[in-house]
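The values are calculated or read from the model by the stated rules, or taken from the named source; none is laboratory data. Keep in mind the model is a prediction, meaning the values are calculated, not measured. In this analysis, Cβ positions are derived from the backbone assuming ideal geometry, glycine residues included, and neighbour counts consider all displayed protein chains. Remember, those area values only see protein heavy atoms, side chains included, never the ligands or the DNA or RNA. Shrake-Rupley method; radii C 1.70, N 1.55, O 1.52, S 1.80 Å.
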Amino acid sequence: MKGVIAGMIVGLFASVSLVQASSLPRVASLNLCTDQLLLLLAEPEQIVGVTPLARDCWSAVLCEQAQHVPVLRPTAESIVVSHPDIVLGGIYTTAVAMQAAREGGAQVIVLPPAQSLTDIPAQIMTVANAIGVPERGRQLAMVFATRLASLSVERNSTDPTAAVYAANGFVTHKGSLPDDVLAHAGFRNYATVMGHQASSRFSMDLLIAQPPDLLILDRSGKGTSLAQSMLDHPALKQAFAGPHHLDLPARLWLCGLPQTLDSVVMLRNARHNLEMSVP
């Protein structure tokens, strides 16, 4: 008899879960960053589709999880056919697809790129509230805030400098998410120290002549293009050897996610290694 009752209880909870899942809105994402917030927060049954980039492990930290949900091309035709209740996108998401979503009666949520670590909890809650899982969002945001507080270090004018060096010699500028990550890990942004406030290109000669304490190579995709090949130039390897060099996966800070804090951990370890290398 007890076994029968236990079976009935399990069945009841399963039925309740199914009812709750079926009452949640169906959601499509048209942007890599909203893809990953959706994967973090939504019930699998809610996800109408994420973009193909969500399955690219060079770009997405949740690429493995994305293998188990549908892929949706970010086009108006895809939105019209799938008819989601909610569409998530970024400010640079294809305007035609977003307009098709509005005209089809979907609620459209547009998230700007996260520019600081403190933007991330608010974006988590924006998505969580929209898709009907506010409690899950609150828990995730609280865990993030607690971990951020434990990782952050006091900033100082004598902090070591770090340059985030990408293809074609571009460096990370002030006001970006990687810039804020550097600050929380106890580094000053080399570009800002050198007087560059906007996106800039730095020659290899300048980097070597006036080197930052740490060179972070931003490998944001596969390929062997000339633009990316400069990151492996022998002169850079020689100038920034040992603790003065760090390969940090760009997917950690392409989007503002809980996993972005892993980049803070890597950078704090890099700073520790720099300090240990000083005679």
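Just name the residue that is least open to solvent (accessible area, probe 1.4 Å) out of those in region 133-142 that are more than 11 Å from Ile120 (Cβ to Cβ) and in a helix (DSSP H, G or I).
Gly137
Show the residue pairs meeting these rules: Cβ distance below 9 Å; 6+ apart or different chains; first residue within region 103-116 and more than 10 Å from Pro84 (Cα to Cα); second residue of a type in the set (Asp, Glu).
Pro112/Asp119; Pro113/Asp119; Ala114/Asp180; Gln115/Asp179; Gln115/Asp180; Ser116/Asp179; Ser116/Asp180
Has region 137-148 got any residue that is under 28 Å from Pro74 (Cβ atoms), of a type outside the set (Phe, Trp, Tyr) and in contact with a Leu (Cβ under 7 Å, 6 or more places away or on another chain)?
Within region 137-148, one or more residues are under 28 Å from Pro74 (Cβ atoms), of a type outside the set (Phe, Trp, Tyr) and in contact with a Leu (Cβ under 7 Å, 6 or more places away or on another chain).
For Ala114, which of the numbered conditions (1) among the aliphatic types (A, V, I, L, M); (2) surrounded by 14 or more Cβ atoms within 10 Å (Cβ to Cβ); (3) not in a loop (DSSP other than H, G, I, E, B) fails to hold?
Among (1) among the aliphatic types (A, V, I, L, M); (2) surrounded by 14 or more Cβ atoms within 10 Å (Cβ to Cβ); (3) not in a loop (DSSP other than H, G, I, E, B), Ala114 violates only (3).
Can you confirm whether region 34-54 contains a residue that is farther than 17 Å from Pro113 by Cα, open to solvent by 60 Å² or more (accessible area, probe 1.4 Å) and among the hydrophobic types (A, V, I, L, M, F, W, C)?
Looking for residues that are farther than 17 Å from Pro113 by Cα, open to solvent by 60 Å² or more (accessible area, probe 1.4 Å) and among the hydrophobic types (A, V, I, L, M, F, W, C), one finds none in region 34-54, hence no.
Gly175 fails exactly one of the following numbered conditions: (1) under 24 Å from Glu43 (Cα atoms); (2) open to solvent by 30 Å² or more (accessible area, probe 1.4 Å). What is the number of that condition?
If we test Gly175 against (1) under 24 Å from Glu43 (Cα atoms); (2) open to solvent by 30 Å² or more (accessible area, probe 1.4 Å), just (1) comes out false.
Output the number of residues of region 117-132 satisfying the condition of being buried (at least 16 other Cβ atoms within 10 Å of the Cβ) and either within 15 Å of the chain's Cα centre (by Cα) or modelled with pLDDT under 95 (or both).
Residues in region 117-132 being buried (at least 16 other Cβ atoms within 10 Å of the Cβ) and either within 15 Å of the chain's Cα centre (by Cα) or modelled with pLDDT under 95 (or both): 7 in total.
Do you know which residues across region 157-172 are open to solvent by less than 80 Å² (accessible area, probe 1.4 Å) and either at pLDDT 90 or above or assigned to a loop (DSSP other than H, G, I, E, B) (or both)?
Correct list: Asp159, Pro160, Thr161, Ala162, Ala163, Val164, Ala166, Thr172.
Residues are listed down the side, and each one gets a yes or a no for (1) among the β-branched types (Val, Ile, Thr); (2) at pLDDT below 90; (3) surrounded by 12 or more Cβ atoms within 10 Å (Cβ to Cβ):
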position: Gln228; (1), (2), (3): no, yes, yes
position: Ala239; (1), (2), (3): no, no, yes
position: Leu248; (1), (2), (3): no, no, yes
position: Leu254; (1), (2), (3): no, no, yes
position: Asp262; (1), (2), (3): no, no, yes
position: Pro279; (1), (2), (3): no, yes, no
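Scan region 184-217 for residues that are of a type in the set (A, V, I, L, M, F, W, C), open to solvent by 70 Å² or more (accessible area, probe 1.4 Å) and either farther than 21 Å from Ser157 by Cα or at pLDDT 95 or above (or both) and jot them down.
Here is the first cut: in region 184-217, the ones of a type in the set (A, V, I, L, M, F, W, C) are 185, 187, 191, 193-194, 198, 202, 204, 206-209, 214-217.
Subsequent filtering for residues that are open to solvent by 70 Å² or more (accessible area, probe 1.4 Å) retains 193, 209.
Once the filter is applied, which keeps residues that are of a type in the set (A, V, I, L, M, F, W, C), open to solvent by 70 Å² or more (accessible area, probe 1.4 Å) and either farther than 21 Å from Ser157 by Cα or at pLDDT 95 or above (or both), region 184-217 yields only Ala209.
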